[in-house]
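Report on one structure; see the data block that follows.
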Amino acid sequence: MPAPTRIEVRIGGSTYRLTTPDDEAQARLLCAQADRLVRRILQANPALNQNAALVLALVNALDETRRLEARVAEAERDSAGLASRLAESRTEMLRAKALADAAAAEVGRLRAQARREPPRAPWLEGLLDPPAPAPDDEPEAGDALESDGAAGPGGPDGRAEVD
């Protein structure tokens, strides 16, 4: 750690000798900002003395610091919420990828199976074949259907007749 540095700065028209453990350029930048704050307050309120302007500048700087800290805290909460949602999304994405990989593997397995075996649908087996005639309805070879011209249960055209 470097040794503290002594610097001389002007704030609000007064000269101050300061010792800083930080970088001299950074300390001078902060003092220049403080000088601008005090000068702005003195220009807006000419009746204030320098000590009152310094106190008002300090209070304003602390208020701005508090506001910025609140914004940082809110941003950290938002960031934590986003990180949580990102983790959930990542988990869901990995789950979806695993399902897609499993589906792709199943498609590959079914394609390989289809190449080895002829296509078939066991639940349709027999549904596409014409129905076989019942054994007692089956005409024997050589039998012919004859019509003697007599009307069956209905009239000559096969329709039922009402008396």
### Task
Sort out which residues of the range 1-53 are exposed (fewer than 12 other Cβ atoms within 10 Å of the Cβ), over 23 Å from residue 65 (Cβ atoms) and not basic (Lys, Arg), and write them in order of number.
1, 2, 3, 4, 8, 13, 15, 46, 47, 49
### Message
Any residue at all in the range 90-104 that's of a type in the set (Asp, Glu), out of contact with any His (no Cβ under 9 Å at 6 or more places or on another chain) and either assigned to a loop (DSSP other than H, G, I, E, B) or exposed (fewer than 10 other Cβ atoms within 10 Å of the Cβ) (or both)?
### Response
no
### Query
How about the range 4-48: which of its residues are charged (D, E, K, R) and in a strand (DSSP E or B)?
6, 8, 10, 17
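Since every read-out is calculated from the coordinates, none of them should be taken as a lab result. Model, not experiment: these values are computed from the prediction. In this analysis, Cβ positions are derived from the backbone assuming ideal geometry, glycine residues included, and neighbour counts consider all displayed protein chains.
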